[in-house]
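To start, the structure under review is shown below, and the notes come after it.
Laboratory data are not the source of any read-out in this text; all were calculated from the coordinates shown. What you see is a predicted model; the values in this text were computed from it and never measured. Here the Cβ positions follow ideal geometry from the backbone for every residue, glycine too, while neighbour counts run over all protein chains shown.
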Amino acid sequence: MPIASINPATGETLQPFEPLDAAGIEERLARAEAAFHAYRTTSFAHRAALLHRAADLLDGDLEALARTMTEEMGKPLAAARAEAAKCAKAMRWYADNAEALLADEHPSPADVADSGAVRAYVRYRPIGVVLAVMPWNFPFWQVVRFAAPALMAGNVGLLKHASNVPRTAVALEQLFHRAGFPAGCFQTLLIGSGAVEAVVRDPRVAAVTLTGSEPAGRAVASAAADEVKKAVLELGGSDPFVVLPSADLDAAVRTAVRARAQNNGQSCIAAKRFIVHADVYERFTAAFAAAMGALRVGDPMDEATEVGPLASRQGRDELAELVEDARAHGARVECGGGRPDGLPEHLAAGWFYQPTVLTGITPAMRIHLEETFGPVATVYPAADLDEAVALANNTPFGLSSNVWTTDEAEQERFVRDIQAGGVFFNGMTASHPALPFGGVKRSGFGRELSGHGIREFCNITTVWLGPS
């Protein structure tokens, strides 16, 4: 895949980039290794000051960086601003909390007395150079949620960003450089996917984290496992949005629209499968389809736009294929189902797709088990709580989930039985610096964010002291 910034709203190539050659990759690997040996000995206070500086710079450049994101991957400008602001918040959270999250752990003397130790403790030490293979859909947030904890732990980072957001990738490297991080602490590798395996296998790379598709995750995890290296994977999601009779239906519908249409529908943790109790199915579906159909599709630079283009022609075409397959097998299109009409001439070549709601879904349809990465929702009726739980779990993915009920027994049932890395009641799934993020099944393994995330790339070291 060529490395180029292409505006998905117009199809216009904004800027091509020349991939790094072997010498350029080697230069950056050597610089990263050298940086780690010095940076790992710095204090938490020093790292925190640098990360606070990066957050301040991000706030100051928010408008320009938001426009870059919108131009490269098509998210509405307001959403891009919110993403940049969220990144600054996460940077400050890790700057303020990393030292406590990685504080030495001291078991009681009685607990370790039979080991012969006078004293023993656990220390979290940085592991080294961490390669991050990141996607285009949240081009700043996906990177910062790796980089902030990794840098605060004393690691250094190499970023292989998606090939359609190279200007964002370069801007991220410049941000950390301008903040004062030493040369080599955070570098962007402008390389194609074919060059990733060699970097994963390089002995100077200690670990890898990937957010992306299942095939990409399999390839990277296989190489890392072959080299006996730590990996964290956040892959696809087909999150259920379950609505039970006790729910505030108006609030559930409003949140359902936001949960499905956020980021133009291109989010791993977007609600994708709407599972609705039979008692409220008709009311919910009618209101949901009406609200989805009323969303304003258009130029993502227009402040009034609610849904912009998909990030690539391939993504738009794959989404259309899923909808057409479902339609051919008997699904009902409640709204949308194709390219929007009436777009202005300058958007005629853009990769737009209407917000779409499908009902009558059966296992014969691809969309029943495949992830929809765009503003397309499927709605299922559930006769009772047992069927709702079964439908929610009937997916190869297990990233997160949304459940609408005020019944405490029903809530406890989902906490016990849902096969997902998170369950959000009466609200929308979202990531937050203080909460662990990740999934089960084919949604990957490991966790990002919170204390769990910062410890993923640490050497958890036992220190044992015997009698002097």
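General observations
- Measuring nothing but how far apart in sequence close Cα pairs (under 8 Å, 6+ apart) lie, relative to its length, the chain scores a relative contact order of 20 percent.
- Compared with the dominant principal axis of the Cα atoms in the chain, helix 166-178 is inclined by about 40°.
- Pairwise label distance in nanometres, residue 218 with residue 393, each label 7 Å out on the Cα-Cβ vector: 2.5
- The Cβ shell under 15 Å around residue 96 holds other residues with a net charge of +2, Lys and Arg each +1, Asp and Glu each -1.
- With the convex hull drawn over the C-alpha atoms of region 239-432, the volume per residue is 115 Å³.
- Under 14 Å, Cβ to Cβ, from residue 229 - net charge with Lys/Arg +1 and Asp/Glu -1: -2
- Total formal charge among the other residues, if their Cβ is under 13 angstrom from that of residue 111, Lys/Arg +1 and Asp/Glu -1: -1
- Relative to the current alpha-carbon distance between residue 105 and residue 119, full extension at 0.36 nm per residue lengthens the span by 3.9 nm.
- Label-to-label distance, nm, for residues given as residue 412 and residue 34 (7 Å Cα→Cβ offset): 6.1
- Whole-Hz couplings from phi, Karplus 6.51/-1.76/1.60, listed for region 59-64; x for Gly and Pro: 4, x, 9, 4, 5, 5
- Volume of the Cα convex hull of region 43-90, divided per residue and given in Å³: 64
- The length gained by stretching the chain between residue 14 and residue 304 to full extension, at 0.36 nm per residue less their Cα-Cα distance, is 102.0 nm.
- The Stokes-Einstein estimate for region 222-292, based on a Kirkwood radius over Cα pairs and taken at 25 °C with 0.890 mPa s viscosity, is a diffusion coefficient of 175 µm²/s.
- Mean ellipticity per residue at 222 nm, deg cm²/dmol - from DSSP H runs of n ≥ 4 across the chain, formula -39500 (n - 2.57): -12500 deg cm²/dmol
- Evaluating 6.51 cos²θ - 1.76 cosθ + 1.60 at θ = phi - 60° for every residue in region 25-30, the Karplus couplings come out as 5, 4, 4, 6, 5, 5 Hz, glycine and proline recorded as x.
- From the alpha carbon centroid of region 395-455 to that of region 254-308 is 20 Å.
- Relative contact order (%) - region 239-432, alpha-carbon pairs under 8 angstrom, separation at least six: 30
- Inter-probe distance in nm under a simple model that places probes 7 Å from Cα toward Cβ, at residue 329 and residue 434: 4.3
- For region 75-83, 3J(HN,Hα) computed residue by residue from phi via the Karplus equation (6.51, -1.76, 1.60; θ = phi - 60°) reads 5, x, 4, 4, 5, 5, 4, 4, 5 Hz, glycine and proline entered as x.
- Across all Cα atoms of region 88-150, the radius of gyration (one decimal) and Dmax (whole number) stand at 17.5, 53 Å.
- Packing-based exposure ordering (other Cβ within 10 Å, fewest first) of 435, 391: 435, 391
- Once the Cα atoms are used to define both axes, helix 249-261 deviates from the longest principal axis of the chain by about 70 degrees.
- The amide H of residue 380, built 1.01 Å from its N in the peptide plane, has 274, 275, 276 as neighbours under 5 Å, considering only residues 5 or more places off or on other chains.
- Estimated D of region 203-249 in µm² per second, where Rh is the Kirkwood radius over Cα pairs and Stokes-Einstein applies at 4 °C, 1.567 mPa s: 100
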